[in-house]
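Shown next, in structure tokens, is the structure this report addresses.
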Amino acid sequence: MAALGVNAARQLYYGDFINQEDNWSPQDFEKKLQHGNDLGARMHEAFVKGFDEGYKKIVIIGSDCPEMDAQTLEEAFRKLEDHNVVIGPANDGGYYLLGLSQKVNIFENVDWSTESVFDQTLAQVKKQGLSRALLPEKTDLDTIDDLKKFPDL
């Protein structure tokens, strides 16, 4: 629940349906449905909607990074003061956090769910001449072996 430690609007995106009976309070999170054919299209749409709603800095996190904390989120928002993009790389070649300070599309030509997601996203950032900042690498949970690294979970 790292997001609760940050003074920011919080939106929670669901894949197929919005579960009103889950652990995420509607008082803390505005619940929305994702739209798009792949992860990149879904993230792009979330960013576009956020900027259209008037937000100036938007940070997206996944739900599979047990090392996520409020300090990392705060750092991401701070880095967006001076950078167009902030990325938190994951140990598997993807990323656990992505932040933007303007409406751009860096989600094309990325092979989602592969070890090259982070590198391909950085290539899109560079191709578009955007400034970027990186956060420390963290672990995300994709397999049982990943989960075993965090016995408290």
Hits in segment 12-36 - residues which are closer than 13 Å to Ser63 by Cβ, surrounded by 14 or more Cβ atoms within 10 Å (Cβ to Cβ) and not aliphatic (A, V, I, L, M)
Tyr13, Trp24, Phe29, Gln34
For segment 53-63: of the residues being touching a residue at least 24 places away in the same chain (Cβ under 8 Å) and of a type outside the set (Gly, Ala, Ser), which is nearest to Pro89 (Cα to Cα)?
Ile61
Regarding His83, is this residue in a loop (DSSP other than H, G, I, E, B), in contact (Cβ under 8 Å) with a residue 24 or more places away in the chain and under 23 Å from Lys103 (Cβ atoms)?
yes
Is it the case that some residue within segment 36-47 is over 23 Å from Asp142 (Cβ atoms), in a loop (DSSP other than H, G, I, E, B), out of contact with any strand residue (DSSP E or B) (no Cβ under 7 Å at 6 or more places or on another chain) and not basic (Lys, Arg)?
no
Scan segment 57-80 residue by residue and report those that are in a loop (DSSP other than H, G, I, E, B), among the charged types (D, E, K, R) and at pLDDT 95 or above.
Lys57
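For every residue, the table says whether it meets (1) part of a helix (DSSP H, G or I); (2) surrounded by 14 or more Cβ atoms within 10 Å (Cβ to Cβ); (3) charged (D, E, K, R).
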| site | (1), (2), (3) |
| --- | --- |
| Leu98 | no, yes, no |
| Asp111 | no, no, yes |
| Thr114 | no, no, no |
| Leu122 | yes, yes, no |
| Leu130 | no, yes, no |
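In this structure, is Asp38 acidic (Asp, Glu) and either within 27 Å of Leu4 (Cα to Cα) or in contact with a Gly (Cβ under 7 Å, 6 or more places away or on another chain) (or both)?
Values: acidic (Asp, Glu): yes; either within 27 Å of Leu4 (Cα to Cα) or in contact with a Gly (Cβ under 7 Å, 6 or more places away or on another chain) (or both): no.
Judged against the criteria, Asp38 is not a match.
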In segment 108-135, which residues are closer than 27 Å to Gln71 by Cα and touching a Ser or Thr at 6+ places or on another chain (Cβ under 8 Å)?
Leu135
Which residue is nearest to Gly50 (Cα to Cα), if the candidates are limited to segment 101-153 and must be of a type in the set (Phe, Trp, Tyr) and at pLDDT below 95?
Trp112
Is it the case that some residue within segment 63-78 is among the hydroxyl-bearing types (Ser, Thr, Tyr), more than 20 Å from Tyr14 (Cα to Cα) and out of contact with any Gly (no Cβ under 8 Å at 6 or more places or on another chain)?
no
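The values are calculated or read from the model by the stated rules, or taken from the named source; none is laboratory data. Since this is a predicted model, take the numbers as computed values, not measurements. Cβ: placed from backbone, ideal geometry, glycine included. Neighbour counts: every protein chain shown.
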